[in-house]
Amino acid sequence: MIAGGLKRLFLWLEALLDKAFGSRWNPLYQLGALGFFYYWIVAVSGIYLYIFFDTGTTEAYNSVESLTREQWYLGGVMRSLHRYASDGMVLMMLVHMLREFAYGRFRGPRWFTWTTGFPVLVLVFVAGISGYWLVWDTLAQYIAVATSEWLDWLGIFGTPIARNFLTPLSLDDRFFTLMMFVHIVIPLLLLLVLWIHLLRVSRPQINPSRGLAFGTFVMLLVLSLVQPAVSHDPANLASIPQRLELDWYYLSAYPLMDLLSYGGVWALAATVTCVLVLLPWLPPRFRAMPAEVHLAACNGCARCVSDCPYEAILMRPRSDGLPFDSEAVVDPDLCLACGICAGACPTATPFRRKSDLIAGIELPDDFSMASLRARIETACQGDGDRPRIAVFGCNHGIAATRLSQRGYAVVTQPCIAGFPPSFIDFVLSRDLADGVVITGCRAGNCEHRFGVDWTEARIAGLRDPYLRKRVPRDRILLHWAAAGDEAAFVTAIDRFAESLSDRPLTPSSTAHEKEARGQTRREKSHA
Ligand code: HEM
Ligand code: SF4
Ligand code: SF4
């Protein structure tokens, strides 16, 4: 229920941002990539700050102050960029997590990417909070005391850490060297964990589109000039800090420590972490059957490997004596059953009649290529009074099946790229329909990452297997949509049907096709 409400909210926001910026610049479609972008800004500005930072109880504060005031045009801007990009990283990370949760992208084989997100989350917070300590102002003092008391509550440290902050004399310069070390090593570790986070995501998008990156950087720069990051008063362990301005991105847990006690915050953190980490194993379970390889049909071309969005296929040396170098193998633990591999396989062609239609790789049962062809043939047996439209849809975009009530022949697969382009050719050249509508998730938000991109590229002839040139493109409508876009979708498809109603067969149709078309119409009128 929570996820359903959140999903609707994201769909609504995404539609709004699509209208404002277009899908290529929609930040909600590139949250992970933006996270990386912020990381690099933090890293570069951090290197600059490091050059001028002095470790020491008074030197630390003074060096940051002089950088901020005397070198405001560069050092000050760098400090602000460092602060605001770190905040941006937290924001991107939390919204990214919320969004993956809302879309249910943590189930089945996605458990790995979801779960490895949590060490990322912890490391980002540790890195950020350790940065606040380094300034050694009253805010740093407040965080240092509260954090050490919070850690001491566990009772696992021999000497309580909080003792370091009892009096001005109990703190020495080594503390700053240690914090500096933590503040450098943790971000490096973060990069390693991010690499692990993306191990099961093929071709991860780790850079935002240029326009989005440019806009984000300009926004940070303007913010840095208008509202430069500044320090509080210098820390003084002899007194208790009074008025503090918290950075809510990193420090919102601190007021909770006063509200709930240290034990309460530990209990809350442990409960939330356990629930979120265990989420992939809570019902409803992921049950889809993985793709299967039929060796007798596989020629080792590796197109399925390059199109799989989840690194679930690899090529290995041929094991069955057929004269090819390699064969495809699916790892069922990584396969999300999207069927994109079948859409890429050159052997998945519906024109095969002599032998059974068995593709080199395909989903089993209802989503196999033979079943797909049979479902299309059945769905297209409508009357021929008005333009007949075959709708190829997916299980995640708009509820295309509702269109069958309007007389359209609707067939769906788990992902739109699970339709090999030859099926479009099949429908039009065999005159099963006058036009084909291809619909899947909104561009930029494909449930299976590449479904929309691969489909567009295959139809445009930019990616194998491409749609043959002879197929009349004016009989194909591509329309990407999600729940909530029904009205626009119905209008587009009705307009498309209208445009077909008085259109003659295109010159690309062969005499044989025209003959076949006449025959099919005749067969129907006899029936
Ligand atoms: C700064 C922190 C993070 C960064 C930079 C980051 C980056 C990314 C990137 C680049 C992708 C691939 C997107 C694509 O190309 O489709 C991704 C996917 C994913 N991330 Fe993160 N991530 C971060 C934190 C998290 C966290 C905290 C979680 C959740 C606990 C999470 C969960 C996921 C999931 C589930 C996917 C897979 C989506 C799919 O399979 O389609 N990430 N992340
Ligand atoms: S795309 Fe088909 S033929 Fe090519 S390697 Fe994969 S299964 Fe084999
Ligand atoms: S069904 Fe999807 S996830 Fe599974 S092997 Fe094929 S392309 Fe990869």
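The values are calculated or read from the model by the stated rules, or taken from the named source; none is laboratory data. The structure displayed is predicted, hence computed values, not measured ones. Heads up, the Cβs are rebuilt from the backbone with ideal geometry, glycines too, and the neighbour counts pull from every protein chain shown. Note: areas computed on protein heavy atoms with side chains; ligands, DNA, RNA excluded. Shrake-Rupley method; radii C 1.70, N 1.55, O 1.52, S 1.80 Å.
Can you give me the relative contact order of segment 353-426 as a percent, contacts being Cα pairs under 8 Å and 6 or more apart?
25
For ARG470 and MET1, compute 0.36 nm times the residue count separating them, minus their Cα-Cα distance, and round to one decimal in nm.
The span from ARG470 to MET1 would gain 164.1 nm if fully extended.
When the Cα atoms of the chain are enclosed in a convex hull and the volume is divided per residue, what value in Å³ results?
Per residue, the Cα convex hull of the chain comes to 186 Å³.
To the nearest 10 degrees, how steeply does helix 31-52 sit against the main Cα axis of the chain, on a 0 to 90 scale?
Between the helix axis and the principal axis of the chain, the angle is about 30 degrees.
Determine the percent antiparallel among the DSSP beta bridges restricted to the chain, to the nearest 5. Numbers along the way, then the final one.
On the way: 8 of 22 bridges.
Counting only bridges with both partners in the chain, antiparallel ones make up about 35 percent.
Compute the acute angle (0 to 90°) between the alpha-carbon long axis of helix 369-379 and the principal axis of greatest extent of the alpha-carbon atoms of the chain; round to the nearest 10°.
Taking Cα atoms only, the helix is inclined about 60 degrees.
Once every DSSP H run of n ≥ 4 in the chain is given -39500 (n - 2.57) and the sum is divided by its residues, what mean residue ellipticity at 222 nm do you get, rounded to the nearest 500 deg cm²/dmol? Please list the in-between numbers first.
Working: 18 runs with 260 residues, N = 527.
Roughly -16000 deg cm²/dmol at 222 nm, from the helical runs in the chain.
Over the Cα atoms of segment 29-118, what radius of gyration and what Dmax do you get, in Å?
Using the Cα atoms of segment 29-118, the pair Rg, Dmax is 17.6, 55 Å.
Report the one residue of ASN26, GLY444, ALA487 whose Cα lies farthest in the direction of the positive end of the charge dipole of the chain (charges on C-beta: Lys and Arg +1, Asp and Glu -1; origin at the Cα centre).
ALA487
Scattering from the C-alpha atoms of segment 214-258 alone, worked out with Debye: what is log10 I(q)/I(0) at q = 0.20, 0.21, 0.22, 0.24 1/Å?
Treating every Cα as an identical point scatterer, log10 I(q)/I(0) equals -0.87, -0.90, -0.93, -0.99.
Run the quick spin-label model on ASP333 and ASN236: label points 7 Å from Cα toward the beta carbon, then report their separation in nm to one decimal.
6.0
Let me check I've understood the local charge: for HIS479, count other residues with C-beta under 11 angstrom from its C-beta, Lys and Arg +1, Asp and Glu -1. What total comes out?
Overall, the nearby charge balance is +1.
Between LEU151 and LEU13, what is the label-point separation in nm under the 7 Å Cα-to-beta-carbon projection?
Modelled inter-label distance: 3.3 nm.
What is the local net charge at ILE161, summed over the other residues whose Cβ is closer than 12 Å to its Cβ (Lys, Arg +1; Asp, Glu -1)?
-1
Round to the nearest 10 and give me the degree value, 0 to 90, for the angle of helix 210-226's Cα axis relative to the longest principal axis of the chain.
20
May I ask you to compute the full-extension gain from GLU486 to PHE118, defined as 0.36 nm times their residue separation minus their alpha-carbon distance, rounded to one decimal in nm?
That works out to 128.8 nm of additional length.
With a probe of 1.4 Å, find how much accessible area segment 1-99 has per residue, and write the answer as a whole number in Å².
Value for segment 1-99: 51 Å² per residue.
Note down the relative contact order for the chain as a percent, whole number, built from C-alpha pairs under 8 angstrom at least six residues apart.
Relative contact order for the chain comes out at 12 percent.
Under 20 Å from the 7 Å Cα→Cβ point of SER170, by amide nitrogen: which residues of segment 32-58?
Counting backbone N atoms under 20 Å from the label point, the list is 56-58.
Strictly greater than 17 Å: what percent of every Cα pair in segment 1-42 meets that? Write out the running numbers ahead of the final one.
Details: 379 of 861 pairs.
When every Cα pair of segment 1-42 is considered, 44 percent fall beyond 17 Å.
Quick one: order SER368, SER501 from most to least accessible surface, probe 1.4 Å.
Values: SER368 20, SER501 70 Å².
The ranking, largest first, comes out as SER501, SER368.
Heavy atoms only, probe 1.4 Å: what % of the accessible area of the chain goes to carbon and sulfur, would you let me know?
Numbers: 16570 of 26440 Å².
Percent of accessible area from carbon and sulfur atoms in the chain: 63.
What is the local net charge at VAL42, summed over the other residues whose Cβ is closer than 12 Å to its Cβ (Lys, Arg +1; Asp, Glu -1)?
After counting each charged neighbour, the total is +1.
Cβ neighbours within 10 Å, averaged per peptide: list 242-251, 201-210 in order, most packed at the top.
Ranking the peptides 242-251, 201-210 by packing returns 201-210, 242-251.
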